[in-house]
1. Identify, from the list Phe312, Phe264, the residue that is over 22 Å from Glu355 (Cα atoms) and not basic (Lys, Arg).
2. Let me spell it out: the conditions are (1) closer than 27 Å to Asn213 by Cβ; (2) part of a helix (DSSP H, G or I); (3) touching a Lys or Arg at 6+ places or on another chain (Cβ under 8 Å), and Val109 meets all of them except one. Which number is the exception?
3. May I ask you to list the residues in segment 280-292 that are among the hydrophobic types (A, V, I, L, M, F, W, C) and either in a loop (DSSP other than H, G, I, E, B) or touching a residue at least 40 places away in the same chain (Cβ under 8 Å) (or both)?
4. When segment 82-106 is examined, which residues are found to be of a type in the set (Asp, Glu) and assigned to a helix (DSSP H, G or I)?
5. Applying the selection to segment 221-250, what residues are more than 19 Å from Asn165 (Cα to Cα) and either of a type outside the set (Gly, Ala, Ser) or modelled with pLDDT of 70 or more (or both)?
6. Under 6 Å between Cβ atoms, at least 6 apart or on separate chains: pull out the pairs that start in segment 69-91 with a residue that is over 12 Å from Asn165 (Cα atoms) and end on any residue that is crowded, with 18+ Cβ neighbours inside 10 Å and among the small types (Gly, Ala, Ser).
Amino acid sequence: EKALFYDGHEGFFEQQKLKNKKPSNNTMAMAPELTYDEFHNYNSLLDLICDEQIENLNKFYKLQYTQWLFELQQGFNLAFYGIGSKRLLLLEFIQKFLMKRFDKAKCFVVNGYNPEFHIRNIIEPLWAMFGKKVKTSTQWHESIAALANEFKSKPNKKTIILVNNIDGESLRSDKYQRFMSEISKISQVYFICTMDNLNTPLFWNSSLAANFNFIWHNVSTFKSYSTEISFKDPLNIGKSKAFVGSSGVKHLLSSLTVNARRLFKSLLLQQLDRIDTTLITNEDMERRSLLKGTVKLSLNLKDFYQSCLSGFITSNEMNFRSLLREFIDHKMTVLMRDASGTEILYVPFTIDEIEKLLDEEL
């Protein structure tokens with residue numbers, strides 16, 4: 001073969017591609033296996049490498065908060081992409097900036113990396129804003145159309161929806177992408193999302209792209225994806241798609257803030273106390289280690305929230321529910337309503353598992 005161009009940048013690439021380059025015989029299968037301790041040690045190094053530069057970069061992004069607010073007020077939605085986890089940056093943007101300016105607005109967070117996410121997890125809370133319940137038989141597109149009418153009838157009603165990883169496994173279907181695009185075009189909904197895959201826009205045809213009406217921002221934070229990958233065994237990513245349940249608890253706790261860990265510790269201790277109050281006979285004590293949190297052995301959510309306020313773990317209900325949502329999404333906590341409609345929660349682990357977590361992780 002002969003190069004077609006010899007001058008300029010085109011000539012450089014033409015000549016370079018003609019060189020015979022022997023492919024390497026090395027494969028990823030030859031890479032050494034890591035233990036979990038080694039994985040966490042290497043992962044923790046990410047917070048130390050170029051930490052000053054990364055912190056300066058994140059301070060620069062925070063200077064753009066007013067620009068992002070202006071774009072939302074002009075009717076656009078926001079899409080954030082780039083290298084590194086963007087979850088904490090956008091949560092801070094919403095909690096410390098947006099919510100102060102829209103004090104009556106409701107905020108909903110959708111974690112696309114949660115394999116258990118379902119459309120009803122967002123439709124039901126949206127209907128609850130208007131004091132109504134969605135009919136289980138209603139199709140999602142009918143419900144969205146009715147929701148849009150509700151918003152039109154109450155123009156002062158504002159809602160913020162943050163979708164972490166709109167390209168997550170649980171949101172990749174055409175049905176879910178259409179659902180989110182319909183939600184995002186409601187004028188009173190401020191729709192914000194993150195993505196990590198360059199091919200994400202290929203999900204959308206012109207209609208969906210028009211509905212989303214995104215302004216794009218590169219916010220490469222270079223932060224670890226510890227929370228995003230905690231739903232799976234991090235050492236098996238790329239090898240298996242199996243969901244990690246209680247075995248992923250250790251990996252999640254290592255990536256959470258101090259207050260989130262304190263909240264979960266308080267929840268575990270109160271769950272133990274709740275179970276122990278039911279132990280009366282010697283027979284009950286003998287099977288204590290096998291007991292676990294259930295609907296009958298649950299905690300009242302309001303009481304638990306008050307205890308977190310008293311313990312200075314959280315300062316407001318939004319922050320409390322945001323911290324709690326991580327544990328709910330990872331099936332470390334179950335939140336539901338009892339027969340009377342009261343919100344209750346419990347930890348679906350045995351006493352042995354709870355005590356081991358308290359001893360080793362908390």
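The values are calculated or read from the model by the stated rules, or taken from the named source; none is laboratory data. Since the model is a prediction, treat every value here as computed from it, not as a measurement. In this analysis, Cβ positions are derived from the backbone assuming ideal geometry, glycine residues included, and neighbour counts consider all displayed protein chains.
1. Just a single option satisfies the conditions, and that option is Phe312.
2. (2)
3. Scanning segment 280-292 gives Ile280, Leu290, Leu291.
4. Matches in segment 82-106: Glu92 only.
5. Those that are more than 19 Å from Asn165 (Cα to Cα) and either of a type outside the set (Gly, Ala, Ser) or modelled with pLDDT of 70 or more (or both): Leu235, Asn236, Lys239, Val249, Lys250.
6. Final answer for the pair search is Asn77/Ser184.
One line per residue, one yes/no per condition, for (1) over 30 Å from Asn164 (Cα atoms); (2) out of contact with any strand residue (DSSP E or B) (no Cβ under 8 Å at 6 or more places or on another chain):
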{"position": "Ser255", "(1), (2)": "no, yes"}
{"position": "Arg262", "(1), (2)": "no, yes"}
{"position": "Asp273", "(1), (2)": "yes, yes"}
{"position": "Met285", "(1), (2)": "yes, yes"}
{"position": "Leu290", "(1), (2)": "yes, no"}
{"position": "Phe304", "(1), (2)": "no, no"}
{"position": "Phe312", "(1), (2)": "no, yes"}
{"position": "Ser322", "(1), (2)": "no, no"}
{"position": "Ile328", "(1), (2)": "no, no"}
